[in-house]
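Accompanying notes for the structure given below.
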Amino acid sequence: MAKRKFDLGDFQLEVKRSRTGLGLFTLGPIAKGSCVVEYTGRLISESEVYASRSKYLFEVSAKKTIDGRGKGNLARYVNHSCRPNCEAEIWRGRVFVMARRAIKAGEELAYNYGADYFTRYIQPKGCRCLKCSPEGA
Ligand SMILES: [Zn+2]
């Protein structure tokens with residue numbers, strides 16, 4: 001059977017120290033368009049979102065949010081980048097991190113967290129992604 005877009009690839013990923021705290025790295029190369037890792041967690045209600053202090057909320061729709069704070073959720077270690085090698089895609093209420101270009105072995109994975117998150121949490125402290133940092137330019 002043909003491989004479908006959201007079939008998870010069997011990639012060896014590793015959590016380790018990156019320039020911005022912990023990050024998720026790939027040990028091997030990843031082809032463009034691959035489904036790299038799923039953002040997993042507990043589905044929480046609107047009222048729970050309101051009361052939650054989790055830093056790992058991922059809104060999948062107006063009424064559904066995933067709380068990905070569990071350690072089993074490798075995708076929570078994927079950092080923000082303004083020039084990312086991945087993108088998060090929502091499919092049937094699930095969130096997948098997809099490779100938006102070919103990724104080399106050893107690269108850190110990153111996706112763009114989006115304008116809302118950026119303005120609220122990243123901009124005030126200054127973005128530390130490779131694109132925004134002086135040494136990355
Ligand atoms: Zn940036």
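The values are calculated or read from the model by the stated rules, or taken from the named source; none is laboratory data. Keep in mind that this is a model prediction, so the values were computed, not measured. Backbone-built Cβ (ideal geometry, glycine too); neighbour counts: all protein chains shown. Note: areas computed on protein heavy atoms with side chains; ligands, DNA, RNA excluded. Shrake-Rupley method; radii C 1.70, N 1.55, O 1.52, S 1.80 Å.
Please count how many residues of the stretch 67-76 are out of contact with any helix residue (DSSP H, G or I) (no Cβ under 9 Å at 6 or more places or on another chain) and either charged (D, E, K, R) or open to solvent by 30 Å² or more (accessible area, probe 1.4 Å) (or both).
The number of residues fulfilling the criteria is 4.
If you check residue 133 against the conditions, is it modelled with pLDDT under 90 and open to solvent by less than 30 Å² (accessible area, probe 1.4 Å)?
Here the answer is yes, as residue 133 does meet what is asked.
Pairs please, first residue from the stretch 111-137 and of a type in the set (Ser, Thr, Tyr), second anywhere and within 9 Å of the ligand (Cβ to nearest atom) and modelled with pLDDT of 90 or more, Cβ atoms under 6 Å, 6+ apart in sequence or on different chains.
Sorted first by the residue in the stretch 111-137, then by its partner, the pairs are 113/80.
Considering only the stretch 23-57, how many residues are aromatic (Phe, Trp, Tyr), closer than 30 Å to residue 4 by Cα and at pLDDT below 95?
Result for the stretch 23-57: 1.
Say we look at the stretch 50-66 and pick out the residues that are of a type in the set (A, V, I, L, M, F, W, C) and closer than 22 Å to residue 97 by Cα; which of these is most open to solvent (accessible area, probe 1.4 Å)?
Checking each candidate, the answer is 62.
For residue 87, state whether it is more than 14 Å from residue 108 (Cβ to Cβ), within 16 Å of the ligand (Cβ to nearest atom) and open to solvent by 20 Å² or more (accessible area, probe 1.4 Å).
Against the criterion (more than 14 Å from residue 108 (Cβ to Cβ), within 16 Å of the ligand (Cβ to nearest atom) and open to solvent by 20 Å² or more (accessible area, probe 1.4 Å)), residue 87 qualifies.
Residue check: is residue 66 more than 28 Å from residue 10 (Cβ to Cβ), touching a residue at least 12 places away in the same chain (Cβ under 8 Å) and either away from the ligand (no atom under 14 Å from the Cβ) or of a type in the set (A, V, I, L, M, F, W, C) (or both)?
Criteria not met by residue 66.
Listed here are the residues, each with its yes/no results for (1) out of contact with any strand residue (DSSP E or B) (no Cβ under 9 Å at 6 or more places or on another chain); (2) more than 25 Å from residue 2 (Cα to Cα).
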site	(1), (2)
21	no, yes
63	yes, yes
83	no, yes
97	no, no
100	no, no
108	no, yes
